[in-house]
Amino acid sequence: MLQKFIDRPVLSTVIAILIVILGLIGLKSLPLQQFPDIAPPAVQVVALYPGANAETVLRSVAPSLEEAINGVENMSYMSSTASNDGSLVITVNFKLGTNPDQAAVNVQNRVSQASSQLPPEVVQAGISTTKQQNSLLMVVDLYTENEKQYDQTFLTNYAQINIIPDLKRIPGVGQAITFGGNKDYSLRVWLNPAKMASYNLTPKEVMGAIQDKNLEAAPGRFGEGSKEAFEYVIKYKGKLNNPAEYENIVVHSNSDGSVLRLKDVARIELGSYTYASSTRIDGKSGLNIGIFQLPGSNSSDVQIAIKEMMEKASKDFPKDVKHLILYNTKDSLDMSISQVKSTLIEAFILVFIVVFLFLQDFRATLIPAIAVPVSILGTFFFMQIFGFSVNLLTLFALVLAIGIVVDDAIVVVEAVHAKLDHGYKSAKKATIHAMDEISGAIISITLVMAAVFIPVTFINGSTGVFYKQFGITLAVAIILSAVNALTLSPALCALLLKPHADDHKHKSYLQRFYTSFNVAFDNVTKRYKRSVSFLSVKKWIVLASILISGLALFYMMKTTPSAFVPSEDQGTVFANISLPPSSSMERSDVIAKQVDSIAKTIPGVKNTLRIVGQNFTAGAGSAYSMVIVKLVPWGDRDLSVD
């Protein structure tokens, strides 16, 4: 069977070319990520109770929703966070492998069942159920250099209309949201408590008057189905849309014909939906847009598309409105991938040099040099089939695979060399006889190596995702190397290797180098043999070394810090600030300014973002704030993020 590949080298070559083509196709379509998607699916339920504090929300909204959601299919656990701005966020986490779309549908059905038990204000405000995107890809910031003309509210609404819709249409973008509170334009009605008391009014009566006068209606038409000559469609103005119209809303009328208008008890202005947060970019008013990646997409291509879209959109920005990218994963991803690619190339070159030194034949060295890329490239096709991505783990697996897959090709070349050394005058016959002897050994080597890495793929959980991609990538590369060793390598040996000459009339410099290397290597081998003979007599030294090594290993395992993934310099520092409960936004702003000022004095700091009213660890609240520090590129600074 295997002799056919030796007799027909074209067949072996076609198989190798097919593997390479499939690998290139897989490499082209594989997503590029720093790490695999390890976070379990999560669904987020957000409810808003306007005017309520956190205690009220937990007492009147959270129990009904939690009881309804609890026990949804494949649910692992859920957590709830209530804030003093009246918001409730319930995060429902599911088992790894659960379909996030189906999970969101199941949670939405449970939320609908609880709607009748919630306060009317919560139902009216709306309850959103969305898939939670865990992979923050980029933070795009807009800021103004003319705060008198453009404030944060203007920037937020400009982004909602002109930027965020375009960002959401980019392939690979799962979600684009603004951080720092809802700053949408809203008609604000500021009630005067003293005047309300003098007129004996309650806020509920004012709200009723506004809702009664501010509505959309379908008034119909005149003359439909009649014998009249004309038919008229009735037009209704609809909802009010400017402060003056709201000011003239009649809140109360007296029997003497006098009326009490809204402007008599309140101040009406066009403002933002909430004032519970503020954002400053390098000390200037602005906003930040968080962009999350869609699972399975190429993060590098997505970020390139976002940058191109922002550059195009910036041409139409109002005067004095600028943008910058405060955080992105592309810079660190490109740096990490570049370093791994360099390691991959260096490993291949080192393997080539080592093989050349020991085989001492360029033709023989060429065979492993051809077989290794075929195995590595073919692995990308199977990575695509298994749904993997090009990430640090799979690339490190390929780096390790270079040193492993070359073994099969070396075994074939060495076996053929041995036959030629024994007097074979035909490389083809030497290859056929050598393969008859070693084909079983190659298959057994492959099965043993695969048996080492495949079992780790059965580990469950987030850690199992890491081991699965690493182990299967290595196992596939090893199996492909065996295929090459049984097809391509024998064919190349029969074509490229030549019978050994009996003598050399003159020695070249290369032959002299080979002789010197062989003499030095023989000396090392003799010393090694003497060392083994000595240790075979002094067995206690071996046992003591094993014991000491075991104790040292145990000590290092106990003392070495452990982590899920190694910490890396991403070029960005996040500082979360939490003050005592009930601290005002003004106090939080003062502390955040101090942290911002200190950060700007540190060498290597490029930009800073200051958000007051929320942070990533504690959520929203007047006592919370955060400062995000963007550092200059790695090559332009001496300090790391640590």
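The values are calculated or read from the model by the stated rules, or taken from the named source; none is laboratory data. Computed from a predicted model, the values in this text were never measured in an experiment. Here the Cβ is made from the backbone with ideal geometry for all residues, glycine too, and neighbour counts use every protein chain on show. Heavy atoms of the whole protein, side chains included, go into the accessibility calculation; ligands, DNA and RNA do not. Shrake-Rupley method; radii C 1.70, N 1.55, O 1.52, S 1.80 Å.
Checked against (1) within 26 Å of the chain's Cα centre (by Cα); (2) touching a residue at least 12 places away in the same chain (Cβ under 8 Å), Gly635 passes all but a single condition, namely (2). The residue list Asp407, Asp361 contains one member that is of a type in the set (D, E, K, R) and either modelled with pLDDT under 80 or closer than 18 Å to Ile21 by Cα (or both), which is Asp361. Screening Gly423 against (1) touching a helix residue (DSSP H, G or I) at 6+ places or on another chain (Cβ under 9 Å); (2) open to solvent by 40 Å² or more (accessible area, probe 1.4 Å); (3) modelled with pLDDT under 85 leaves a single unmet condition, (1).
For segment 455-480, a residue qualifies if it is in contact with a Gly (Cβ under 6 Å, 6 or more places away or on another chain) and in contact (Cβ under 8 Å) with a residue 24 or more places away in the chain, and exactly one does: Leu480. In segment 94-209, counting only strands (runs of 3 or more DSSP E) that sit wholly within it, the ones holding 1 or more residues that are of a type in the set (Val, Ile, Thr) and open to solvent by 40 Å² or more (accessible area, probe 1.4 Å) span 128-131, 173-179, 185-191. Filtering segment 446-492 to residues that are open to solvent by 40 Å² or more (accessible area, probe 1.4 Å) and among the β-branched types (Val, Ile, Thr) leaves Val448, Val452, Ile454, Val456, Ile459, Thr463, Ile479, Val483.
Against the list (1) open to solvent by 50 Å² or more (accessible area, probe 1.4 Å); (2) out of contact with any helix residue (DSSP H, G or I) (no Cβ under 6 Å at 6 or more places or on another chain); (3) part of a helix (DSSP H, G or I), the condition Leu535 fails is (2). Taking first residues from segment 580-605 that are touching a residue at least 24 places away in the same chain (Cβ under 8 Å) and partners that are surrounded by fewer than 16 Cβ atoms within 10 Å (Cβ to Cβ), the Cβ contacts under 7 Å between residues at least 6 apart in sequence or on separate chains come to Pro603/Leu639; Gly604/Val632; Gly604/Leu639. When the criteria are applied in full, Phe382 meets the requirement of being in a helix (DSSP H, G or I) and surrounded by 16 or more Cβ atoms within 10 Å (Cβ to Cβ). Among Glu311, Glu269, which is within 26 Å of the chain's Cα centre (by Cα) and surrounded by fewer than 17 Cβ atoms within 10 Å (Cβ to Cβ)? Of Glu311, Glu269, the one residue that is within 26 Å of the chain's Cα centre (by Cα) and surrounded by fewer than 17 Cβ atoms within 10 Å (Cβ to Cβ) is Glu311.
Taking segment 243-353 and the strands (runs of 3 or more DSSP E) fully enclosed by it, the elements with 1 or more residues that are free of Cβ contacts under 8 Å to residues at least 40 places away in the same chain and more than 16 Å from Ile164 (Cβ to Cβ) are at 250-253, 259-261. Among residues of segment 212-237 that are closer than 21 Å to Asn248 by Cα, those with a Cβ under 8 angstrom from a residue that is β-branched (Val, Ile, Thr) and assigned to a strand (DSSP E or B), sequence gap 6+ or separate chain, pair up as Lys213/Val250. Residues in segment 234-250 that are open to solvent by less than 100 Å² (accessible area, probe 1.4 Å) and farther than 14 Å from Gln211 by Cα: 4 in all. Considering only residues in segment 74-93 that are open to solvent by 20 Å² or more (accessible area, probe 1.4 Å) and of a type in the set (A, V, I, L, M, F, W, C), the one that is modelled with the lowest pLDDT turns out to be Ala82. Checking each residue in segment 6-57 for being within 30 Å of Leu191 (Cα to Cα), part of a loop (DSSP other than H, G, I, E, B) and open to solvent by less than 40 Å² (accessible area, probe 1.4 Å) picks out only Ala52. Residue count for segment 66-92 under the criterion of being more than 26 Å from Ala52 (Cβ to Cβ) and among the polar types (S, T, N, Q): the result is 2.
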